1. Please list the non-local residues whose amide H lies under 5 Å from the amide H of residue 14, H modeled 1.01 Å from N, same-chain partners needing a gap of 5 or more.
2. Determine the relative contact order of the chain: mean sequence separation of Cα pairs under 8 Å and six or more apart, normalised by residue count, in whole percent.
3. Farthest toward the dipole's positive end in the chain, which of 101, 57, 11, given Cβ charges of +1 (Lys, Arg) and -1 (Asp, Glu) about the Cα centre?
4. Once phi is turned into θ = phi - 60°, what whole-Hz ³J(HN,Hα) does the Karplus curve with 6.51, -1.76 and 1.60 give for every residue of segment 68-83, x standing for Gly and Pro?
5. Need the full-extension length gain, residue 109 to residue 75, defined as separation in residues times 0.36 nm minus the C-alpha distance. One decimal, nm.
6. Can you compute the charge dipole magnitude of segment 5-107 about its Cα centre, using +1 on each Lys and Arg Cβ and -1 on each Asp and Glu Cβ, nothing else charged? Give it in debye, rounded to the nearest 20.
7. In the P(r) worked out for the chain, what percent of Cα pairs fall beyond 20 Å?
8. How much length would be gained if the chain were fully extended between residue 5 and residue 45, taking 0.36 nm per residue of separation minus their Cα-Cα distance, in nm to one decimal?
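Just so it is clear, none of the values below were taken in a lab; they were calculated from the coordinates. Predicted model only: the values in this text are computed from it and were never measured. Here the Cβ is made from the backbone with ideal geometry for all residues, glycine too, and neighbour counts use every protein chain on show.
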Amino acid sequence: MMFMIGQGERVQVIGPPQPDHCERCGEQRDFVPRLTYAFGQFDLLFGFVYDKRYELVCPVCNGGWKLDRCAAERTFGKPEIPFHLRYGIWVLAALAAAVGTAAYLYRHRGG
Ligand SMILES: [Zn+2]
């Protein structure tokens, strides 16, 4: 069996615009609250998220700042990360364990 291994980064808007003063633009802007996360993926099925960053970003100059993760999740709710990326590593671990057990039983079958 061969695994395709990939990785990527996704940006997800997690809530309505937050008007605030942008230091760089020197004007009021509708900051976009968003979550950037990196993920690794095996075989397009199993994946895991390993780097979550919440930020508010100015849509004009791309300036902005990081948000505290807990505060962001309180304000905007938990983000919708695709199921297979969120829990895929556990599915993979369970599968590996099952395969390992099967192999063990096969090797140690009667006699
Ligand atoms: Zn700006």
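1. 34, 35
2. Normalised by residue count, the contact order of the chain is 22 percent.
3. About the Cα centre, the residue reaching furthest to the positive side is 101.
4. 5, 4, 5, 4, 5, 6, 5, 6, 10, x, 5, x, 8, 8, x, 3
5. That pair, residue 109 and residue 75, stretches by 6.7 nm at full extension.
6. With Lys and Arg at +1 and Asp and Glu at -1, about 340 debye.
7. 56
8. This chain segment gains 13.4 nm when fully extended.
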